[in-house]
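The values are calculated or read from the model by the stated rules, or taken from the named source; none is laboratory data. Just so you know, these numbers come straight off a predicted model, no measurement behind them. Note that we place each Cβ from the backbone using ideal geometry, even for glycine, and neighbour counts take in every protein chain shown.
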C-alpha cells in the first residue's frame, strides 16, 4: 500500500519536515555507501524507521514488491553476466564482484523505497501543507505537492465507484486477456474524463476562496516543531555530509 | 449605491462552441437582492453565475462581449457537487472553512473567528473537528457553503446549492439567505428547485437559450 | 443473449444487517418486501441506511446477517453483473459512469453487455428528451443532462426491477417531468420500482412510502 496511513506513532506525531528529512537522509546516504555491509545496515535502519512508524509489515511488503523486478535485473546483469572471479552456487556460476555490486545497488534501491514508503505512510498531506504554509511556501507549490500525495486514494475511491456502476450495467470482470482489455475502456475513460471535469470546478472554487490571492497564507493549525527535531534535521545533514566526505577521502586514498 | 454586478449587452461564448451561452444579457444586481435565475438545462443560468462573478472568461476561457462591471469587493460561488469544491488540503471541517480567510493572510485569530461564524450560520459547528472526506453529501454541501461565507462575500452565486441536501437541510439553507441579503450580500441562485428559491428571492430572471426573457417577481417565474 | 425476465419481480430483504467497519450499523435488522410490480419510495434523512439497503439488492453490499432475494434469486449467490440482467440500478451520481463517444453509444452499452436488443435506445432517447444529444459526447452535455443519460442507459436494459437513487435531484422542470413520466410508465407496465428520493411530488406518485431512520424501517 502506498499513501498515508492514519496513526499515532512518533513518526506520525513528528514534524513533517523531520520525517521527510529522515527519508531524505537515507536516500543520500545510500549513494555514499559502497560496501554491501554498510548498505544493508542502512536497509536495516530504514526497516527500523518503518517499525517506529508502525508500518513495518506493509512498507516491507510493498518495498519488496517494488524492488523485486530491479533485483531480478541486477541479478542477471551483475551476478550471472558479471566479470571473474566466479563462485559456484549450486548449478549456477556467479560473478563474485557481480554479487557484491548487485547487493550494493539492490540494497540502495530497497533502502530508498522502504524509507520513502515509510515517510509517505506517516506524513499526513494536510500536516505537510500546513508546515509548508507556516514556512511561507507559496500555495501553488503546496497544492501541487498535496494533490500528488492525495490523488491516489481519491482515484482509487472513484475507480471503485465506476467499477460498481459498470458492473451494474453488465460489465463482467475477469475472463480472457482480450475481455480484460475490453473492460479497460468503460473503467479507465470515465475515471480520466470525470477527473478532468471535476478539476475545472475545483479550480473555480479555489480561486474564489483566494487560492490565487498572492498573499502569504496564514497557517491555521501548523504542526508543532521543537528544538530537538530541528537539531535532528541538522544532524542528519551533517551526517550525510560526513558520509560523502569520507567516501571522497577514501576514493582519493 | 453601486450595483454588485452590472452587465450591459453581455454575450459570452465558451471556447469552441457554436453558439453563445449568453446573448445580449443586460442585468444589474444590487446589494441585498436575492435573484433566482431560472431556465432549462443549457439555457445559460450557470454561465450567468460564472460571468457575474468574473470567473468567465478569466478561468474558463471563451469570449465576452459587452460591458461588465463587478462592484463586489469579494465574490463567492457554490456549485452543486460539494466534493469537487474541497481543497483536499484540510483534515478538518474547521480548516476547510478557514481556507478562504487564511488565503488572504489574515491574522490567525481573525481567520478562526470568521470560520466559526460561518460554521454557526450553517449549523455545522458540531462538525468542526470532523474530516471532510468522511461527511455525507448533505453535510459536505453545508461545509462548502460555509467556506464561501467565511470570506463574507458581497456577491454570492449559488449553483443548485441544495442538490445534495435532504428536505430539512435544503429548507434550512434557503431560510438562511434572506438574513444574508439583509446584511447587504447580493445573491444569485441558479436552480431547478424553484419552489424553495422563489420563496426567498426578491427577484427572478428567466433565461432561454442565453437570453433574458423575463425579469420580475419570483411568482411570475414559478408559474 | 441473456433472457429478459418476466416483468416485475419481488424484492425481499430478510432481517439484514450491515455496518461499515467498526462504526455504527448502517442497516440494523431490516425486513422489507416490495412485491412484484409494486412501486415504493424509500425516504428518510441522510445516513438512514437507504442507499446501503438498495445496494444489497444489487449485490454491491453483502449483508453481514440475513439475506436478500430478487425473484427466485438469492443475491448472495450472484455477482452484480449477473444481477444486472434483472435489476437496473441508477446511482445518485450515475453520470460518473459515462464513457462512450456519444450519448447514444453510452445508452446502448448496457443492453450490449447483456446481449439484449439495442432497439429500445432511439425511442428511449426520444422519451427522455435526449434525442438532440444522441450524437454528442456525454461530457459535452450539461451535468444534469448526463444524469438523465445514465438513467436512459439503465432503462435500455429493460430491467424487471428498477432501483433509483435520487433520480430527479438537480433536474430542471422539463427533464424532471420526463423522468417522472418514464418511471411511472415502467411502473404501470409492471416493473418493480424502488426509489430513494427527497422529491415530495415524486414520492407522492409512488404506490407506497417506506421510511428509514437510523438503519431501521420507521414506517411501511
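Candidates are the residues of segment A:218-253 that are exposed (fewer than 14 other Cβ atoms within 10 Å of the Cβ) and assigned to a loop (DSSP other than H, G, I, E, B); the one that is modelled with the lowest pLDDT is A:253. You will find that of B:39, B:61, the residue that is in contact with a helix residue (DSSP H, G or I) (Cβ under 8 Å, 6 or more places away or on another chain) and either crowded, with 23+ Cβ neighbours inside 10 Å or at pLDDT below 95 (or both) is B:39 and no other. Could you identify the single residue in C:110, C:59, C:35 that is buried (at least 16 other Cβ atoms within 10 Å of the Cβ), closer than 30 Å to residue C:214 by Cα and in contact with a strand residue (DSSP E or B) (Cβ under 9 Å, 6 or more places away or on another chain)? The match here is C:59.
Are there any helices (runs of 4 or more DSSP H) wholly within segment A:80-185 with 3 or more residues that are within 26 Å of the chain's Cα centre (by Cα) and at the interface with another protein chain (Cβ under 10 Å from one of its Cβ atoms), and if so which?
Values: elements: A:96-122, A:125-134, A:139-167.
Helices (runs of 4 or more DSSP H) meeting the threshold: A:125-134, A:139-167.
Here residue B:80 fulfils each of the conditions (1) in a strand (DSSP E or B); (2) within 10 Å of chain A (Cβ to nearest Cβ) apart from (1). Kindly check whether there is at least one residue in segment C:175-195 that is away from chain A (no Cβ under 14 Å), crowded, with 17+ Cβ neighbours inside 10 Å and part of a loop (DSSP other than H, G, I, E, B). Yes - at least one qualifying residue is present in segment C:175-195.
I need the full set of residues from segment B:56-77 which are within 7 Å of chain A (Cβ to nearest Cβ) and over 16 Å from the mean Cα position of the chain (by Cα), in order please. Lay out the reasoning, then the answer.
As a first pass, look at segment B:56-77 and keep what is within 7 Å of chain A (Cβ to nearest Cβ): B:59, B:75-77.
The one that is within 7 Å of chain A (Cβ to nearest Cβ) and over 16 Å from the mean Cα position of the chain (by Cα): B:59.
Scan segment C:34-82 for residues that are in a loop (DSSP other than H, G, I, E, B) and within 17 Å of residue A:166 (Cα to Cα) and the total you get is 5. Name the residue that is surrounded by the fewest Cβ atoms within 10 Å (Cβ to Cβ), counting only residues in segment C:144-167 that are over 12 Å from the mean Cα position of the chain (by Cα) and closer than 21 Å to residue C:46 by Cβ. For segment C:144-167, the residue satisfying everything is C:144. Screening residue A:71 on (1) surrounded by 19 or more Cβ atoms within 10 Å (Cβ to Cβ); (2) within 22 Å of the chain's Cα centre (by Cα) shows it passes everything except condition (1). Take residue A:74 and tell me if it is in contact with a helix residue (DSSP H, G or I) (Cβ under 6 Å, 6 or more places away or on another chain) and more than 30 Å from residue A:12 (Cβ to Cβ). It is true that residue A:74 is in contact with a helix residue (DSSP H, G or I) (Cβ under 6 Å, 6 or more places away or on another chain) and more than 30 Å from residue A:12 (Cβ to Cβ).
Among the candidates C:122, C:201, which residue alone is closer than 26 Å to residue C:45 by Cβ and not in a loop (DSSP other than H, G, I, E, B)? Spell out the reasoning first.
Numbers: C:122 fails: closer than 26 Å to residue C:45 by Cβ.
Testing whether each residue is closer than 26 Å to residue C:45 by Cβ and not in a loop (DSSP other than H, G, I, E, B) leaves just C:201.
So, residue C:148, is that one part of a helix (DSSP H, G or I), facing another protein chain (nearest Cβ under 10 Å), under 20 Å from residue A:164 (Cα atoms) and touching a strand residue (DSSP E or B) at 6+ places or on another chain (Cβ under 8 Å) or not? The answer is no for residue C:148. Within segment C:63-96, the set of residues being more than 24 Å from residue C:37 (Cβ to Cβ), over 12 Å from the mean Cα position of the chain (by Cα), surrounded by fewer than 21 Cβ atoms within 10 Å (Cβ to Cβ) and within 13 Å of chain A (Cβ to nearest Cβ) comprises C:79, C:81.
Residues that are within 14 Å of the chain's Cα centre (by Cα) and surrounded by fewer than 20 Cβ atoms within 10 Å (Cβ to Cβ) within segment A:5-19 comprise just one, A:5. Quick check: anything in segment C:120-135 under 23 Å from residue B:160 (Cα atoms) and surrounded by fewer than 21 Cβ atoms within 10 Å (Cβ to Cβ)? Yes; the residues of segment C:120-135 include at least one that is under 23 Å from residue B:160 (Cα atoms) and surrounded by fewer than 21 Cβ atoms within 10 Å (Cβ to Cβ).
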